[in-house]
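Notes follow once the structure below has been shown.
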Amino acid sequence: MGDIEQFFQDSHYNIIRVLLNISGLWPFHTRNRRYATYLAMILILGSGFIFEMLGTIEVRHDSFEVIDALPLLFFAIVTVSRTFCAVYTLPKMKILLIKMQEHCLSPKSDEETKIQNSHAQYGRKLGYAYTGFLLGHSVLYILSTALTRLFYTKSKEDDGTSDNVQIGLPHRVNYMVDLDKYYVPIFIHCAICDFSFTFLLVVFDVLYLTVVEYCCGLFAALRYRLETALVFKNDRLTMTTTNDQCYANIVYSVRRHTETMQFVAIMESIYSLPLFIHIGLTVLILSVLGYQVISNTEDISAILKPIAYLNGLLINVFFENWQGQKIIDSSEKVFESAYNSEWYSMPIAARKLLIMIMMRSERPSVLRMGKIVILSFVTFNAVLRTSSSYFMLLRSL
């Protein structure tokens, strides 16, 4: 454990080590430490989800209040389900991290190392930007709810009216106590739960983008090896060619291509079910949020929350499909590199192996949700169109 933890700490993948450690999902933790973290997660997230569910049940007879409560309830369901899936697939996550370490420490050319490091650095920067954006968005969302409470209190004192509408809370809840009397502790608990939900979502997505970028680096390094299969540098740093070296390069490429496809398959088995649940519920959430935005165009205080949530959700869905599209594009380019190589100058044995790579890479590697839907820009467009259809139906009703 010490070796692999030290490796990630010293590498460009340190961000996933930090996030997985904080969330308790680092697969190299001791069992007692993981169980202690799971207990804390159950106490915080479980209590928040229960009180939110009770709040939705409380207003079940008011369709407008139910519609307002559904987006955040679905968000909690998505996060809880993804957490359970992450705990269940922890052994596979451990295999991914070990494979990343083994490949980074395996012998390879300097150019391949440079290519892999460039992708790792890009993934690290993207991970930091994504983490800051979503967590900052969560803080902004929580603060906006607190501001609505301040503005509402002022108008309430002016008018001398009162009602039972929950103002100043991130989502509808039912703590079975007087909300006005215990508003501060209730708001703090709601804020902690919402921020924790967002943080867990960030952990899953940053790990997702990191392994996707790692795969893209593997494909890019493979393409470089295929394109230079006939050329290598000798001890005098001059460019020469030999049939034996060419055959060795193609054999090496076949092995790397197989390892990369296996890595993609393991990654798909980890993210297939949670992403399927996430994207499926996202269609409903986007529909409800669009309805809330249109219905509250004249009330600025009421429109802040749905707009903030809608913006973050669209970025999140686009991001997840974008990563799937990158896997497709990177794997398709392997065929182009193999086809554009000087295959006509290769020995017969090397040509046969190259044909194997071309036949397999002609069918690009993909990430599927629920073994059905492929993550890509086409899927993102389908999500938007489906959400728009449901939104128009909801508005007409």
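Laid out as a table, the results:
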quantity	calculated
For ALA308: the one exception among (1) more than 18 Å from the chain's Cα centre (by Cα); (2) modelled with pLDDT of 80 or more; (3) surrounded by fewer than 20 Cβ atoms within 10 Å (Cβ to Cβ); (4) part of a helix (DSSP H, G or I)	(2)
Residue within segment 294-303 that is closer than 18 Å to HIS137 by Cβ and in a helix (DSSP H, G or I) present	yes
Top-ranked residue of segment 257-270 - restricted to ones that are open to solvent by less than 30 Å² (accessible area, probe 1.4 Å) and not hydrophobic (A, V, I, L, M, F, W, C), ranked as nearest to the chain's Cα centre (by Cα)	GLU268
Count of segment 36-91 residues which are of a type in the set (Gly, Ala, Ser) and in a loop (DSSP other than H, G, I, E, B)	0
Cβ-Cβ under 7 Å pairs, at least 6 apart or on other chains, segment 129-149 side without any contact (Cβ under 8 Å) to a residue 40 or more places away in the chain and among the basic types (Lys, Arg), far side surrounded by 18 or more Cβ atoms within 10 Å (Cβ to Cβ) and not in a helix (DSSP H, G or I)	ARG149/ILE167; ARG149/GLY168
Extreme residue, modelled with the lowest pLDDT, among residues of segment 93-119 that are surrounded by 15 or more Cβ atoms within 10 Å (Cβ to Cβ) and of a type in the set (Lys, Arg)	LYS108
Positions within segment 311-331 being in contact with a Lys or Arg (Cβ under 9 Å, 6 or more places away or on another chain) and open to solvent by 10 Å² or more (accessible area, probe 1.4 Å), in sequence order	SER330
Filtered residues of segment 345-380 (kept if surrounded by 13 or more Cβ atoms within 10 Å (Cβ to Cβ), closer than 30 Å to THR282 by Cα and not β-branched (Val, Ile, Thr))	PRO364, SER365, LEU367, ARG368, MET369, GLY370, LEU375, SER376, PHE377, PHE380
Lone qualifier among ILE44, ILE15 - being open to solvent by 40 Å² or more (accessible area, probe 1.4 Å), of a type outside the set (Phe, Trp, Tyr) and under 23 Å from the mean Cα position of the chain (by Cα)	ILE44
Residue list for segment 162-209, restricted to those being touching a residue at least 40 places away in the same chain (Cβ under 8 Å), touching a helix residue (DSSP H, G or I) at 6+ places or on another chain (Cβ under 7 Å) and of a type in the set (A, V, I, L, M)	VAL173, ALA191, ILE192, LEU200, LEU201, VAL202, VAL203, VAL206, LEU207, LEU209
Selected residue (criterion: surrounded by the fewest Cβ atoms within 10 Å (Cβ to Cβ)) from residues of segment 381-392 that are free of Cβ contacts under 8 Å to residues at least 40 places away in the same chain and among the aliphatic types (A, V, I, L, M)	MET392
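One line per residue, one yes/no per condition, for (1) assigned to a helix (DSSP H, G or I); (2) modelled with pLDDT of 85 or more; (3) in contact with a Ser or Thr (Cβ under 9 Å, 6 or more places away or on another chain):
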site	(1), (2), (3)
LEU230	no, no, yes
LEU237	no, no, no
ARG255	yes, yes, no
GLN262	yes, yes, no
TYR271	yes, yes, yes
LEU275	yes, yes, no
TYR291	yes, no, no
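Residue-wise test of (1) buried (at least 21 other Cβ atoms within 10 Å of the Cβ); (2) at pLDDT below 90; (3) among the hydroxyl-bearing types (Ser, Thr, Tyr); (4) part of a loop (DSSP other than H, G, I, E, B).
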residue: PHE151; (1), (2), (3), (4): no, yes, no, no
residue: LYS154; (1), (2), (3), (4): no, yes, no, no
residue: ASN174; (1), (2), (3), (4): no, yes, no, yes
residue: ASP180; (1), (2), (3), (4): no, yes, no, yes
residue: PHE199; (1), (2), (3), (4): no, no, no, no
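The values are calculated or read from the model by the stated rules, or taken from the named source; none is laboratory data. Small disclaimer: the values here were computed from a predicted structure and weren't measured. Note: ideal-geometry Cβ built from the backbone for every residue, glycine included; neighbour counts use all protein chains shown. Areas reflect the complete protein model, heavy atoms only, side chains present, ligands, DNA and RNA absent. Shrake-Rupley method; radii C 1.70, N 1.55, O 1.52, S 1.80 Å.
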